[in-house]
1. Of the residues Asp351, Asp307, which single one is modelled with pLDDT of 90 or more, over 22 Å from the mean Cα position of the chain (by Cα) and of a type in the set (Asp, Glu)?
2. Select from the stretch 292-319 the residues that are of a type in the set (Gly, Ala, Ser) and surrounded by fewer than 19 Cβ atoms within 10 Å (Cβ to Cβ) and write down the one among them that is nearest to Gln342 (Cα to Cα).
3. Considering only the stretch 202-209, I want to know if a residue exists there that is assigned to a loop (DSSP other than H, G, I, E, B), open to solvent by 50 Å² or more (accessible area, probe 1.4 Å), out of contact with any Gly (no Cβ under 9 Å at 6 or more places or on another chain) and within 21 Å of Ala247 (Cα to Cα).
4. For the stretch 249-290: of the residues being among the charged types (D, E, K, R) and open to solvent by 60 Å² or more (accessible area, probe 1.4 Å), which is nearest to Asp322 (Cα to Cα)?
5. Could you tell me how many of the residues in the stretch 22-79 are part of a helix (DSSP H, G or I), open to solvent by 50 Å² or more (accessible area, probe 1.4 Å) and at pLDDT 90 or above?
6. Mind listing just one residue for me: the one in the stretch 184-201 that is part of a loop (DSSP other than H, G, I, E, B) and in contact (Cβ under 8 Å) with a residue 40 or more places away in the chain and, of those, most open to solvent (accessible area, probe 1.4 Å)?
7. Leu145 fails exactly one of the following numbered conditions: (1) in contact with a helix residue (DSSP H, G or I) (Cβ under 7 Å, 6 or more places away or on another chain); (2) open to solvent by 70 Å² or more (accessible area, probe 1.4 Å); (3) under 30 Å from Ala262 (Cα atoms). What is the number of that condition?
8. Could you say whether any residue in the stretch 211-220 is part of a loop (DSSP other than H, G, I, E, B), open to solvent by 80 Å² or more (accessible area, probe 1.4 Å) and either under 30 Å from Gly137 (Cβ atoms) or hydrophobic (A, V, I, L, M, F, W, C) (or both)?
Amino acid sequence: LLKSSLAMLTKQLGKDDRVSIVVYAGASGVVLEPTPGNQRATIIAALKRLQAGGSTNGAAGIELAYLMAEQAFIEDGINRVLIATDGDFNVGTVNIEMLKDLIEDKRKSGIALTTLGFGTGNYNDHLMEQLADVGNGNYAYIDTLNEARKVLVDELSATMLTIAKDVKIQIEFNPAVVAEYRLIGYENRLLNREDFNNDKVDAGEIGAGHTVTAVYEVSLVDGKGQLTDPLRYQTAESVADTSGEIAFLRLRYKQPNAEQSALIEAPIHRRDVIDRGSAASENFRFSAAVAAFAQTLRGGRYTGNYDYAAIETLARESRGTDPHGYRSEFVSLVALADSLSQTAPIAHVRDPD
């Protein structure tokens with residue numbers, strides 16, 4: 001799968017690109033010195049020589065990969081290390097904080113890190129995401145050739161070309177209008193409030209054509225569905241609502257080569273609320289289906305009676321234009337989860353005779 005995935009990537013490269021290949025099974029070594037991207041036969045031959053085996057000296061492999069990237073560094077170009085692994089680094093430098101410090105130091109030289117996950121069983125998803133985050137890159141799990149095509153062909157620009165770095169989102173809800181709110185997901189991306197204006201604090205990156213969606217569940221003061229009782233002795237901290245604002249949104253980001261961030265601010269008005277879910281955009285409804293699916297897989301603590309069947313219906317009705325079939329694949333995944341959840345356990349009882 002790895003060989004086929006990277007072979008698809010080579011078709012997107014040209015004579016001005018450079019490719020190196022480093023392995024790190026036990027010890028580390030160079031399989032391919034920096035090679036022009038149009039020399040596809042040479043690159044493919046190097047890929048075919050790769051074999052899985054041995055322990056995983058990930059830190060040594062990453063260090064050697066950065067050396068190759070520095071050797072072939074292209075000024076004003078996209079310089080990036082792609083590490084393909086299960087993330088189970090079990091020899092060499094296994095101190096994760098030391099490894100993250102190394103990657104953070106290298107990113108300052110203009111070389112980003114993208115992690116591509118392969119394998120099952122001992123797969124370390126959390127580490128893979130952490131390394132990509134600190135390396136100003138992105139992370140994808142490759143389990144099929146279709147997913148490889150999505151990441152390395154269809155969304156290559158989003159994977160490789162960073163257009164905004166250290167992107168931060170901060171939203172302040174108006175307590176005169178909003179009784180409760182909850183951010184769904186992003187647990188490992190939360191920042192302290194004081195870090196929003198601190199340009200020294202690292203945050204996420206956005207690639208060309210990349211879209212980030214943050215989903216909040218909100219209960220209005222005069223609405224239903226609130227999970228907590230009102231406080232007896234405390235009232236809303238703000239004055240009575242006069243502007244009709246639900247919330248105030250702040251975004252911070254840096255240009256790829258900048259060290260100082262820019263700020264975007266915008267109010268969110270109550271008049272913009274859509275009363276019926278069916279009237280929302282296809283993208284919004286599909287995002288809601290994905291968020292609901294993730295919550296249900298983790299136990300559905302706040303999803304109430306919203307089950308897999310309802311999620312499948314919402315996703316199916318909001319697929320919209322789906323040229324590559326990714327959304328249809330998600331619908332099939334929800335249907336499979338629904339089937340598995342309804343499978344009754346089989347009891348095996350030994351005959352006493």
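The values are calculated or read from the model by the stated rules, or taken from the named source; none is laboratory data. Note that the structure is a prediction, hence the values are computed from the model and not measured. Cβ placement follows ideal geometry from the backbone for every residue including glycine, while neighbour counts extend to all protein chains displayed. Heavy atoms of the whole protein, side chains included, go into the accessibility calculation; ligands, DNA and RNA do not. Shrake-Rupley method; radii C 1.70, N 1.55, O 1.52, S 1.80 Å.
1. Unique residue meeting the criteria: Asp307.
2. Among those that are of a type in the set (Gly, Ala, Ser) and surrounded by fewer than 19 Cβ atoms within 10 Å (Cβ to Cβ), it is Ala309.
3. no
4. If we take residues in the stretch 249-290 being among the charged types (D, E, K, R) and open to solvent by 60 Å² or more (accessible area, probe 1.4 Å), then Glu282 is nearest to Asp322 (Cα to Cα).
5. Of the residues in the stretch 22-79, 7 are part of a helix (DSSP H, G or I), open to solvent by 50 Å² or more (accessible area, probe 1.4 Å) and at pLDDT 90 or above.
6. Asn197
7. So Leu145 meets the others, but not (3).
8. So far as the stretch 211-220 goes, yes, one or more of its residues are part of a loop (DSSP other than H, G, I, E, B), open to solvent by 80 Å² or more (accessible area, probe 1.4 Å) and either under 30 Å from Gly137 (Cβ atoms) or hydrophobic (A, V, I, L, M, F, W, C) (or both).
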